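Asks: Quick one: the structure is below, and I'll ask about it shortly.
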């Protein structure tokens, strides 16, 4: 993009025009947050089992004594050799938030279908400490629309992000970025695409768990600390070609 070079006064006028739009976006964002909190709740009666560092756990156990639970659906399928690079970039910001969320009566937990030992080994590699549960022995991922079967892939019946088809992970042949990220996880594109990212929110009242909210794809953009900075940089995300980001310990190998 070719940018204009202007005087300070001209820049100030343009900046103040943009400021009004930024303020309007902030007000709109506040309104959307209020509407999220006003969504109706759905009682969760099904028993889900998770493998955690403290042993076998149910969904209520994941709350860790708090009334609210945020689960990040981290793309790490049973056959993956390493976690998804995109999810890893998102998760790089979790540790700093865990203590603040806990102070607000919220537990932040990641969940993936890979075995716990594999998840914890990867967490150690990445230098993280946030809680991570394996959901591989339950229907949790499937019921909350972040994991899918080979049959669903073959039949093109995957419902993800509240619609059928249309996502990059559903396209065949797979786009180059999907192939690249799948290779970085040690699997083919089809295997990689059977697990998807997302965020689900739960609340517990009088011992009963309710599902309150889930979001997927661009809905988790706000969790990417990296992107919040890049969106304010002169060249933005600067990813017209393949994604530039890697796992935090791989930049030196590019």
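Read the figures in this text as sums done on the coordinates, not as results from a lab. Small disclaimer: the values here were computed from a predicted structure and weren't measured. Because the Cβ atoms are built from the backbone with ideal geometry, glycine has one as well, and the counts that use them run over all protein chains shown.
Asks: Three principal axis extents, largest first, for the C-alpha atoms of the stretch 1-120, in Å?
Replies: On the principal axes, the stretch 1-120 reaches 63, 37, 24 Å in Cα extent.
Asks: Taking the DSSP beta bridges in the chain as the whole, what percent of them are antiparallel, to the nearest 5?
Replies: Of the beta bridges lying entirely in the chain, close to 75 percent run antiparallel.
Asks: For the pair residue 79/residue 188, report the inter-label distance in nm, with labels modelled 7 Å from Cα in the Cβ direction.
Replies: 0.7 nm
Asks: Between residue 231 and residue 208, how many nm apart are label points set 7 Å from Cα along the C-beta direction?
Replies: That separation, rounded to one decimal, is 3.6 nm.
Asks: Using the number of other C-beta atoms within 10 angstrom as an exposure proxy, rank 158, 5 with the fewest first.
Replies: Starting with the residue having the fewest Cβ neighbours, the order is 5, 158.
Asks: Here's a follow-up. To make sure I understand, if each residue's beta carbon is the centre and we count other beta carbons within 10 Å, what order do 203, 146 fall in, fewest to most?
Replies: Values: 203 18, 146 27.
Fewest-to-most ranking of 203, 146: 203, 146.
Asks: Over what distance in Å are the Cα centres of the stretch 163-206 and the stretch 11-85 separated?
Replies: For the stretch 163-206 versus the stretch 11-85, the Cα centre distance is 17 Å.
Asks: I've got another one for you. Taking the simple approach of a point 7 Å from Cα along Cα-to-Cβ for both residue 150 and residue 95, what is their distance in nm?
Replies: Going by the 7 Å Cα→Cβ label model, 3.8 nm.
Asks: Relative to the longest principal axis of the C-alpha atoms of the chain, give the angle of the C-alpha long axis of helix 116-126, reported between 0 and 90° and rounded to the nearest 10°.
Replies: It works out to around 30 degrees.
Asks: With 23 Å as the cut-off, how large is the P(r) tail for the chain, expressed as percent of Cα-Cα pairs?
Replies: 56 percent
Asks: Would you work out the relative contact order for the stretch 123-253, in percent, from Cα pairs under 8 angstrom that are 6 or more residues apart?
Replies: It comes to 18 percent, rounded to a whole number.
Asks: Right, something else. Could you work out which residue, out of 42, 106, 178, moves most in a Gaussian network model of the chain, that is, has the largest mean-square fluctuation with Cα springs under 10 Å?
Replies: Of the options given, 42 has the highest mean-square fluctuation.
Asks: Which part of the stretch 215-237 falls in the paramagnetic zone of residue 248, meaning amide N under 16 Å from the point 7 Å along Cα-to-beta-carbon?
Replies: Once the point is set 7 Å along Cα→Cβ of residue 248, 223-229 turn out to lie under 16 Å by backbone N, inside the stretch 215-237.
Asks: Output the 0 to 90 degree angle, nearest 10, between the alpha-carbon long axis of helix 8-37 and the longest principal axis computed from the alpha carbons of the chain.
Replies: The helix 8-37 is inclined about 20 degrees to the chain.
Asks: For the stretch 126-186, calculate the relative contact order in percent as a whole number, restricting contacts to Cα pairs under 8 Å that are 6 or more residues apart.
Replies: 15 percent
Asks: Also: What percentages make up the Cα-Cα pair-distance distribution of the stretch 73-177 when the bins are 10 Å wide from 0?
Replies: 13, 40, 34, 12, 1
Asks: Return a whole-number percent for the relative contact order of the chain, with Cα pairs under 8 Å and 6 or more residues apart as the contact set.
Replies: For the chain, the relative contact order is 24 percent.
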